[in-house]
Amino acid sequence: MTVIRTELGDITSKHYADAIVNAANESLLGGGGVDGAIHRAAGPDLLTECRKLNGCKTGQAKITKAYRLPCDYVIHTVGPVWHGGIHGEAELLAGCYKHSLELATEHGIRSIAFPSISTGVYSYPVQQAAEIAVQTVRKVIEEYPDAFDEILWVLFDERTKLVYDGGLQKN
Ligand code: ADP
């Protein structure tokens, strides 16, 4: 049984899971929002490791150690920038969740905490992002029913949390 849930908070502030997911950009060299918070909390060694990864394509994911963060790994994924929804945004966002979770299974990660990928600076509408996030996580769990103890979203504001909770309540 995999528990799926949300929590309000700062994903860097305490131990939520074996791995946290970073909503990175294609350079993997840090940025604003949750990416900036993760690099600040992890310390400079995270950037040193990220420099060796040669970036990451949108919809894909790469893994590093977590350094000073209270977890074992950081999975860096690059969400799509919202350009109106007719440029493959939904498939790319689903890819972020799918590839992050597949990478987690390869590393024996049994619990994973996601932020709301793409809904900050990348402007993806929260409702649509939440639907894709929940659907994709459920699909992966069907495929790997024994892999995860817990998959959660750590959401930075109450409004975003309400939207994800609504998505989880639907069937
Ligand atoms: P993106 O570029 O993928 O849109 P952002 O970091 O701009 O990524 O925003 C993604 C989401 O992460 C937003 O809902 C934002 O409020 C949230 N966020 C920002 N900082 C944190 C944090 N420290 N912990 C959890 N979520 C955060």
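The values are calculated or read from the model by the stated rules, or taken from the named source; none is laboratory data. Because the structure is predicted, anything quoted here is derived from the model rather than measured. Using ideal geometry, Cβ is built from the backbone for each residue, glycine included, and neighbour counts are taken over all protein chains shown. Please note that ligands, DNA and RNA were not included when accessible areas were found on the heavy atoms of the full protein model with its side chains. Shrake-Rupley method; radii C 1.70, N 1.55, O 1.52, S 1.80 Å.
Comparing 62, 139, 52 in a Gaussian network model of the chain (Cα springs below 10 Å), the most mobile by mean-square fluctuation is 52. Put the Cα centre of segment 125-171 next to the Cα centre of segment 25-79 and the gap is 22 Å. Checking understanding here: applying a Kyte-Doolittle mean of at least 0.0 and a length along the axis of at least 15 Å (C-alpha), which whole DSSP H helices in the chain pass? For the chain, where a helix must reach 15 Å along its axis and average at least 0.0, the hits are 126-143. DSSP beta bridges confined to the chain are antiparallel in about 20 percent of cases. The share of accessible area on segment 82-171 that comes from carbon and sulfur is 53 percent, using a 1.4 angstrom probe. Annotation: amide H of residue 17 has no partner in the under-5 Å range at sequence separation 5 or more or interchain, hydrogens built in the peptide plane.
With n ≥ 4 as the cut-off for DSSP H runs, can you work out [θ] at 222 nm for the chain, using -39500 (n - 2.57) per run divided by the number of residues, rounded to the nearest 500?
Values: 5 runs with 66 residues, N = 171.
When only DSSP H runs of four or more count, the value is -12500 deg cm²/dmol.
Scanning residues 5 or more positions from residue 121 or on other chains, none has an amide H under 5 Å from its amide H, with H placed 1.01 Å from N in the peptide plane. Ranking 35, 146, 157 from most to least accessible surface, computed with a 1.4 Å probe over the protein chains only, gives 146, 157, 35. The string of couplings for segment 3-15 from the Karplus curve (6.51, -1.76, 1.60, θ = phi - 60°) is 7, 10, 7, 10, 8, 7, x, 9, 5, 8, 7, 7, 6 Hz, one whole number per residue in order, with x for Gly and Pro.
When the dipole is taken about the Cα centre of segment 7-73, and only Lys, Arg (+1) and Asp, Glu (-1) are charged at their Cβ, what size is it in debye, to the nearest 20? Let's see the in-between values first.
Numbers: 8 positive and 8 negative charges, 46 e Å.
Dipole size: approximately 220 debye.
Amide H contacts under 5 Å for residue 6: 153, restricted to partners 5 or more places along the chain or on a different chain, H placed in the peptide plane at 1.01 Å from N.
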